[in-house]
Amino acid sequence: MKSITAIYPGSFDPVTNGHLDLIERGAKMFDRLIVAVLRNLDKAPLFSLDERVEMLTEVTRPWPNVEVDVFGGLLVDYAQRRKASVILRGIRAVSDYEYELQMAMMNRKLEPNLETVFMMPAVAYSYLSSRVVREIAQLGGPVQGLVPPAVEQRLRAKVF
Ligand code: PNS
């Protein structure tokens, strides 16, 4: 029987309820879902790679077929190493589409056998992003309901 492994790549700085919504949908659809955090040496993240992995590991515990990992280099090479045939990405609004289309087409050019699958999070999360969450937290605003409680705690500890 065919078993499908999907990769959900991103920065996850930090993981939001929108990401979690997508993880839940992906975990139902695919046999195995690897949430892969990009090791990006250019960006200065709010949370270190280890912190992001720790938070993701904690909040994805309810799904036994979800794994958290770190990757560097090209996503298509990582997908090949992990024997994944699908890349999962979320699209919140039309504004996401152009960037996502470019990435999906480029990945297809690099590896034609790797499919990108887009899913929409619940409408309640359509305005949510890690960047907005970081900004609200750094300016002392409430992030309750935007991120899992464990992330909320870490954000509070980080900005005070
Ligand atoms: O959540 P993000 O930050 O929008 O995720 C972007 C990510 C990690 C999916 C993208 O930057 C990526 O795949 N980087 C790996 C390098 C790569 O393969 N680049 C070519 C894809 S066009």
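Bear in mind these aren't lab numbers, they're just calculated from the coordinates by the rules spelled out. As the structure is a prediction and not an experimental result, all values here were calculated from the model. Here the Cβ is made from the backbone with ideal geometry for all residues, glycine too, and neighbour counts use every protein chain on show.
Per-structure values
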| item | result |
| --- | --- |
| Student exercise, the range 5-127 dipole from Lys, Arg, Asp, Glu Cβ charges, in Debye to nearest 20 | 300 |
| Projected-area average for the chain over all orientations - Cα convex hull basis, square nanometres | 9.5 |
| Highest to lowest packing among 2-11, 82-91, 16-25, scored as the average C-beta count within 10 Å | 16-25, 82-91, 2-11 |
| Directionally averaged projected area (convex hull, Cα atoms, the range 66-114), nm² | 4.0 |
| Theoretical ellipticity at 222 nm over the chain - DSSP helices of four or more residues, -39500 (n - 2.57) apiece, nearest 500 | -13000 deg cm²/dmol |
| Dipole of the chain [Lys/Arg +1, Asp/Glu -1 at C-beta], most positive-end residue of Leu38, Ala137, Met106 | Met106 |
| Relative contact order %, the range 5-127, counting alpha carbon pairs below 8 Å whose residues are six or more apart | 31 |
| Between the range 1-24 and the range 127-160, the alpha-carbon center distance in angstrom | 20 |
| Candidates Leu101, Leu49, Leu114, ranked by Gaussian network fluctuation over the chain, Cα under 10 Å, top entry | Leu101 |
